[in-house]
Amino acid sequence: MKESRIFINMSKKEDNNILYKAKEIIQNGSTVALATVISTWGSSPRPVGSVMLIEQNGKFYGSVSGGCIEAEVIESALKTIEDKKIRKLDFGVSNDKAWEVGLACGGKISVLIENLE
């Protein structure tokens with residue numbers, strides 16, 4: 001199967017709303033992290049370009065996987081908010097972490113997490 005790679009698809013209304021929410025939170029003096037699906041292969045729960053916004057308090061908006069890897073992404077996003085380091089997370093059926101977080105759909109997904117302030 002062909003691997004896909006693109007960044008945020010600004011035509012998706014849900015993703016646009018998340019970006020507006022990020023702007024609002026930042027303008028109110030908080031820091032957030034943005035998680036973006038940057039590549040998929042095979043069966044994946046959400047398409048490339050899907051985004052999730054994570055606040056310092058752990059509250060989040062959107063989805064990068066429909067629930068199966070969100071907890072791991074949130075944990076990494078909170079670290080990114082703290083240390084400002086960009087992180088790339090890779091999940092797939094050959095990855096033990098994928099089974100731990102519930103990604104047993106037969107595909108692969110990569111998520112980029114970056115700090116926004």
Check: If each residue's Cβ is checked for other Cβ atoms within 10 Å, how do I26, I113, I81, I69 rank with the fewest at the top?
Finding: I26, I81, I113, I69
Note to self: Please compute the length gained on full extension between D83 and S30, using 0.36 nm multiplied by the number of residues separating them and subtracting their Cα-Cα distance.
What the structure shows: 17.6 nm
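Treat the count of other C-beta atoms within 10 Å as a stand-in for reagent exposure and order V73, V64 from fewest to most.
Details: V73 24, V64 29.
If I rank by nearby Cβ atoms, fewest first, I get V73, V64.
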Note to self: Which trypsin sites (Lys or Arg not before Pro) in region 51-95 sit in a loop by DSSP (not H, G, I, E or B) and have at most 16 other Cβ atoms within 10 Å of their own Cβ?
What the structure shows: K59, K84, K85
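Every number in this text was worked out from the coordinates using simple rules, so none of it is lab data. Treat the numbers as computed from the prediction; the structure is a model and nothing was measured. Glycine gets a Cβ as well: all are built from the backbone with ideal geometry, and neighbour counts include every protein chain shown.
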